[in-house]
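The values are calculated or read from the model by the stated rules, or taken from the named source; none is laboratory data. Everything numeric in this text was worked out from a predicted model, so none of it was measured. Cβ coordinates were reconstructed from backbone atoms using ideal geometry, including for glycine residues, and neighbour counts include every protein chain displayed. Only protein heavy atoms, including side chains, enter the accessible area calculation; ligands, DNA and RNA are left aside. Shrake-Rupley method; radii C 1.70, N 1.55, O 1.52, S 1.80 Å.
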Amino acid sequence: MFTIKKGNQTIMSEFILVGLAILPELQPLFFLFFLIIYLATITGNLLIIFLVISDHHLHSPMYFFLGNLSCLETCYSSIILPKMLANLFTGQQSISFTGCMIQFYFFSSCAGTETYLLAVMSYDRYLAICRPLHYASIIHGNIGVRIMMGLWIASFLASCLTVSLLAQLSFCSSNVINHYFCDLIPLEKLSCSDTNLIEFVTLCISFIFIIIPFLLTLISYICIIVTILKIASVTGKQKAFSTCSSHLLAVCLFYGTLIIVYLLPDTPSLRELNKVFSIFYTVLTPLINPLIYSLRNQEVHKALMRIKIKAIHIAKMQINI
């Protein structure tokens, strides 16, 4: 363990990430597993971003938010998984103090942005389904751009406050983080400083960025389901329920695991399970969101077909030349 003395404080120069605490002989298998997930996540999300940008049929607020979600998921995965893959591949689990703070800063910023982005997307669907006549008057112009700028700024400021408090903590004894990335609670457990202030601030921020958007999302989907129940057509009702149920499953998986990890009391029985729950919102959610929100969408399918036809046409022109 390497430490640097600064006055009466001990500054840890590096941490050791325990990871998933798997058997050494299983590390190549887990490396391959998470590598496939990462490549599939990046490919799926970049495809959605490309379609939203290139196809003018998808230039609407709904797909603008979907494109931003895919961009967010790409960043989200790239903050955690490359370092995790490098640790599994090399067996070296160290991360510098600065690298740890940077990783947590960008992770918490993306997580905070995503919680409210999902709430905005659910409200967008609520307006489109339950208040279609008011949709154009509420979601118009560059309102989407202003919303996204507001979400990013608010999330970055909240993360900046948390990281500034975290960086002031002293780490006197161990530098071993019982996690596969630099997360707040495992870092707090290592500190020998008084953590009451940062715990209070974290609780307030977690409530603002998890509970409030979760409730807003839940209310939107409840209103949508009530409206769907009034649909006379059985086929239309089944189709709408299929879409809403998959969306609701995704948001419950994301918000639910965040609530378990960050808001439930820290107990020995939950401590190890938290690493498992963290996989859901750091690894699985970025993977399944493109499938649930975009690739099952008929408009996205049509956009894919248009791109395919255009590519074939260009290829034929090149051959003729």
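Numbers below:
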read-out	value
Residues located in region 88-115, provided they are open to solvent by 20 Å² or more (accessible area, probe 1.4 Å), in a helix (DSSP H, G or I) and either aliphatic (A, V, I, L, M) or in contact with a Leu (Cβ under 6 Å, 6 or more places away or on another chain) (or both)	Leu88, Ile102
Answer from Ile279, Ile307 - the residue that is more than 24 Å from Glu114 (Cα to Cα), at pLDDT 80 or above and surrounded by 15 or more Cβ atoms within 10 Å (Cβ to Cβ)	Ile307
Neighbours by Cβ (under 8 Å, 6+ apart or cross-chain): first from region 62-80, closer than 17 Å to Ala40 by Cβ and modelled with pLDDT under 90; second open to solvent by less than 40 Å² (accessible area, probe 1.4 Å) and assigned to a helix (DSSP H, G or I)	Tyr76/Phe107; Tyr76/Cys110; Tyr76/Ala111; Tyr76/Glu114; Tyr76/Thr282; Tyr76/Pro286
Of the criteria (1) in contact with a helix residue (DSSP H, G or I) (Cβ under 8 Å, 6 or more places away or on another chain); (2) open to solvent by 20 Å² or more (accessible area, probe 1.4 Å); (3) hydroxyl-bearing (Ser, Thr, Tyr), which one Ser206 fails	(2)
Residue match in region 50-58 (condition: closer than 22 Å to Val283 by Cβ and open to solvent by 40 Å² or more (accessible area, probe 1.4 Å))	no
Among (1) assigned to a loop (DSSP other than H, G, I, E, B); (2) without any contact (Cβ under 8 Å) to a residue 40 or more places away in the chain, the one test that Gly19 misses	(2)
Single residue of region 116-137 satisfying the filter (free of Cβ contacts under 8 Å to residues at least 40 places away in the same chain and out of contact with any Phe, Trp or Tyr (no Cβ under 9 Å at 6 or more places or on another chain)) that is least open to solvent (accessible area, probe 1.4 Å)	Tyr135
Number of the exception - Ala232 against (1) more than 30 Å from Leu190 (Cβ to Cβ); (2) outside any loop (DSSP other than H, G, I, E, B); (3) open to solvent by 40 Å² or more (accessible area, probe 1.4 Å)	(2)
Residue in region 159-175 that is open to solvent by 60 Å² or more (accessible area, probe 1.4 Å) and touching a strand residue (DSSP E or B) at 6+ places or on another chain (Cβ under 8 Å) present	yes
Residues that are modelled with pLDDT of 85 or more and of a type in the set (S, T, N, Q), drawn from region 230-273	Thr257
The one condition in (1) open to solvent by 60 Å² or more (accessible area, probe 1.4 Å); (2) more than 22 Å from Leu291 (Cβ to Cβ); (3) in contact with a helix residue (DSSP H, G or I) (Cβ under 7 Å, 6 or more places away or on another chain) that Phe241 fails to fulfil	(2)
Selection status of Leu187, of a type outside the set (Asp, Glu) and open to solvent by 50 Å² or more (accessible area, probe 1.4 Å)	no
Boolean, Leu85 is within 30 Å of Asn175 (Cβ to Cβ) and part of a helix (DSSP H, G or I)	yes
Count of region 149-174 residues which are among the polar types (S, T, N, Q) and in contact with a helix residue (DSSP H, G or I) (Cβ under 7 Å, 6 or more places away or on another chain)	4
Region 257-272 - residue that is in contact with a helix residue (DSSP H, G or I) (Cβ under 8 Å, 6 or more places away or on another chain) and free of Cβ contacts under 8 Å to residues at least 40 places away in the same chain and, of those, least open to solvent (accessible area, probe 1.4 Å)	Thr257
Region 1-26, subset over 18 Å from Ile177 (Cβ atoms) and either among the basic types (Lys, Arg) or at pLDDT 70 or above (or both), residue most open to solvent (accessible area, probe 1.4 Å)	Lys5
Hits in region 148-158 (condition: open to solvent by 40 Å² or more (accessible area, probe 1.4 Å) and in contact (Cβ under 8 Å) with a residue 12 or more places away in the chain)	Trp152, Ala154, Phe156
